[in-house]
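One structure below.
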Amino acid sequence: MLMVAPALLHASLWIGLPVVVSVALAFTKYDVLTAPEFVGLANFRDMLDDAVFRKSVFNTLLYTFFTVPFGMALGLLVALALHTGLKARGVFRTAVFLPQVTATVAIALVWLWIYNPGNGLLNTLLAFLGIDGPAWLSSTGWALPSVILVGIWQGIGMKMLIYLAALQSLPKELYEAASVDGASKARQFFSITLPLLKPATFFVLITSMISAFQSFDQIYILTDGGPANSTTMMTYEIYKSAFREFRVGYASAQSLVLFVLLMGFTLVNKRIMGGTRGHN
């Protein structure tokens with residue numbers, strides 16, 4: 001307990017206490033300058049009538065729906081390629097993982113140049129092919145897919161690393177026995193590899209969903225929630241409510257809704273996948 005005490009004190013002061021205060025403020029009207037005023041469920045009723053917040057919930061779910069499964073699939077494919085003896089594995093692994101440890105703001109600035117409709121890299125390549133590229137981040141139809149692409153690309157590294165560690169821990173005896181029985185590589189993958197990767201897949205799924213729901217930096221830099229709120233996410237809407245409009249009570253209520261959604265999705269996924277227990 002003595003060794004744990006410093007970390008426990010830190011977590012209590014900077015995580016536990018703010019969470020408790022945020023839950024309490026969710027039922028108040030508070031603008032930082034005046035004392036909180038208890039309003040009951042008024043903030044939650046306002047959310048039901050808030051078209052922008054409803055749009056942010058939809059955008060967040062859509063962003064999560066595309067970034068999480070596609071990112072997981074690509075991360076697993078890269079991990080399999082590295083696990084099966086790809087040449088220059090160290091260099092390739094570093095290159096794939098580098099976006100994960102690079103500041104999101106720096107990455108967003110690079111993609112801001114790539115998506116530039118005038119002299120950006122993407123439209124320059126399209127022009128070379130005779131295609132007139134759109135205004136990626138200024139179009140209501142292309143802005144969210146553009147942000148989703150950045151999210152998928154940036155998250156591959158961590159998913160790859162977790163899957164690679166899980167693959168390296170799988171018992172080789174099972175594959176040797178399957179080969180003796182005449183099982184093809186595809187059959188081994190679906191009958192041995194995927195089932196044994198279930199705990200890793202559950203962990204990657206939950207952490208990826210949490211990361212997707214908390215996307216903020218790239219939205220702030222790339223689109224500022226626009227155009228016409230087409231890329232506004234829940235965390236960005238919470239930020240606007242708290243630090244631009246000074247509706248701290250309302251922002252706390254929005255945060256509580258975000259927490260409930262994340263908890264609900266986590267429990268559903270745990271029930272579907274059978275938790276984190278491995279297979280004998």
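General observations
- Residues that are part of a loop (DSSP other than H, G, I, E, B) and surrounded by 13 or more Cβ atoms within 10 Å (Cβ to Cβ), drawn from the range 35-46: Pro36, Val39
- Matching residues, the range 208-227, being of a type in the set (Ser, Thr, Tyr) and open to solvent by 50 Å² or more (accessible area, probe 1.4 Å): Ser211, Tyr220
- Scanning the range 47-84 for residues that are of a type outside the set (A, V, I, L, M, F, W, C), in a helix (DSSP H, G or I) and surrounded by fewer than 16 Cβ atoms within 10 Å (Cβ to Cβ) turns up Asp49, Arg54, Pro69.
- Single residue of the range 228-275 satisfying the filter (assigned to a helix (DSSP H, G or I) and of a type in the set (Phe, Trp, Tyr)) that is most open to solvent (accessible area, probe 1.4 Å): Phe243
Results for (1) touching a strand residue (DSSP E or B) at 6+ places or on another chain (Cβ under 9 Å); (2) small (Gly, Ala, Ser); (3) open to solvent by less than 50 Å² (accessible area, probe 1.4 Å), shown as yes or no for each residue.
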position	(1), (2), (3)
Ser179	no, yes, no
Gln188	no, no, yes
Lys198	no, no, no
Phe203	no, no, no
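The values are calculated or read from the model by the stated rules, or taken from the named source; none is laboratory data. All values reported here derive from a predicted model rather than from experimental measurement. Backbone-built Cβ (ideal geometry, glycine too); neighbour counts: all protein chains shown. Heavy atoms of the whole protein, side chains included, go into the accessibility calculation; ligands, DNA and RNA do not. Shrake-Rupley method; radii C 1.70, N 1.55, O 1.52, S 1.80 Å.
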